[in-house]
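The values are calculated or read from the model by the stated rules, or taken from the named source; none is laboratory data. These numbers were taken from a predicted model, which means no experiment stands behind them. With ideal geometry, Cβ positions are generated from the backbone for all residues, glycine too; neighbour counts draw on all protein chains shown.
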Amino acid sequence: MASGYVDLGYVPGDNDVVCLFYIEPAEGVTLEQAAVHVTAESSIGTWTDICTMNESIWCKLKPSIFSIDGGRNLVKVAYPLDLFELGSIPQLMSSVTGNIYGMKALENLRVLDISVPKKYVKSFSGPKFGIKGIRKLLGVKKRPLVGTIVKPKVGLGPKDHAQVAYNAWVGGCDIVKDDENLTDQKFNRFETRIKLTLQALRKAEQKTGESKVYMANITAETKEMLRRMRYVKKNHGTYAMVDVLTIGPSALQTVREANEDLGLVLHAHRAMHAALTRNKRHGITMLALAKMYRLTGMDQLHIGTAVGKMEGPTKEVRSIRDEIVEDSVPKTEDRLSQEWYGMKPVFPVSSGGLHPGLTDKLMEFMGNDLIIQYGGGIHGHPQGTQAGATAARQSVDAVLEGKSLQEYAQNHDELRAALEKWMK
């Protein structure tokens, strides 16, 4: 039966889950043989013929390898939807990104994309707010949202943390967030930080007349995360941030389910993703992970910058952006098509090594539906955090007004100082 996995004439049906793999066979193994190993292990097969396999299982659940591109080592496999539990990201990932990586028949394996059918998409709630809901919450209709991360990453006490946040908000930031490794350390206890920072937020709103948001990092053990979400809500916070890879898909789905009643905006930080995504010949793409986070129901997701300190080419970042924003995504040579059937989009977030001098390039290829988060690019400003936030906001305004950053800086001191520091 093993050879029956290859069916190059097969056309995926409306109820198939389709995976695009990059496969490097081990020495002495052909690409087709390696593809069969991957397909069997990720579905109904095992390493040898077994007496418990029967025709009923085979006919109903057999996946089909319907494309083998030997020149680029690309393989497409269609899996019957019945192999998967609806509404369960852990089960999907255990199947198509599970045991297959450890097989001796493979030198390298990379999951490039996973396309899921309508019935699977509809088994998830998706984002609660999406781009329109977040824009409504902040009262910002068209421009990119401007945010920062409190720096240093860790070390500040709650009072100083709140003051840094306040300075950023009054300088022009819409958003302030915790960094990925700040949770509940002894020098900055979660509850104290939340209370003081949200007090600073309300003070900043009164001063500026603008709505502001604080993304509190609730990352922890699952039950503790739920408690922290409730605490944020009790203190009139509107956001919760989670490190989506380190907590895992099961905990993430629990957070999203609990949030149905709490009504917080969920911000997804992708800490640890490069351990899985960076090797272009092995692992899984951020594109495939991003689709899982849209299904799970994250309202915002870090997708890269292509112009900052983090690795990630422009084409890749743009592809991820399209996948989480658009309702229909066409297939390309390295991506599968995907329909989202009206599921709300995820607000793309760019962060990592950004400063005001990069804003024009970032907006040029990412558009206005973007959250730009400057960390050191705000707090490293020669005149301090408030001036840094003002410079960031000025850089966005310059692009929206169709002016170059250098031209706009002539009449805006904060932006001029930023460009002089980082655009030498």
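The figures follow:
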quantity: Boolean, residue 294 is closer than 27 Å to residue 141 by Cα, basic (Lys, Arg) and assigned by TED's automatic domain parsing to the domain that holds residue 350; calculated: yes
quantity: Of all residues making up the stretch 33-72, the number that are closer than 18 Å to residue 99 by Cβ and among the polar types (S, T, N, Q); calculated: 6
quantity: Among (1) surrounded by fewer than 15 Cβ atoms within 10 Å (Cβ to Cβ); (2) small (Gly, Ala, Ser); (3) within 14 Å of residue 181 (Cα to Cα), the one test that residue 263 misses; calculated: (3)
quantity: Close pairs (9 angstrom Cβ cut-off, 6 or more residues apart or separate chains): within 27 Å of residue 15 (Cβ to Cβ) and in contact (Cβ under 8 Å) with a residue 12 or more places away in the chain in the stretch 87-114, of a type in the set (Asp, Glu) and assigned to a loop (DSSP other than H, G, I, E, B) anywhere; calculated: 92/85; 112/334; 113/334
quantity: Set 56, 95, 67: member being hydroxyl-bearing (Ser, Thr, Tyr) and within 30 Å of residue 256 (Cβ to Cβ); calculated: 95
quantity: Residue in the stretch 325-333 that is among the β-branched types (Val, Ile, Thr), out of contact with any Gly (no Cβ under 8 Å at 6 or more places or on another chain), closer than 30 Å to residue 122 by Cα and not in a strand (DSSP E or B) present; calculated: yes
quantity: Check on residue 60, in the same structural domain as residue 110 (by TED's automatic domain parsing) and either part of a helix (DSSP H, G or I) or small (Gly, Ala, Ser) (or both); calculated: yes
quantity: Residue in the stretch 36-75 that is farthest from residue 106 (Cα to Cα), counting only those that are among the small types (Gly, Ala, Ser) and in contact with a helix residue (DSSP H, G or I) (Cβ under 8 Å, 6 or more places away or on another chain); calculated: 64
quantity: Restricting the stretch 257-284 to residues that are over 14 Å from the mean Cα position of the chain (by Cα) and part of a helix (DSSP H, G or I), the residue that is farthest from residue 305 (Cα to Cα); calculated: 261
quantity: Count of the stretch 1-38 residues which are under 14 Å from residue 80 (Cβ atoms) and under 27 Å from the mean Cα position of the chain (by Cα); calculated: 6
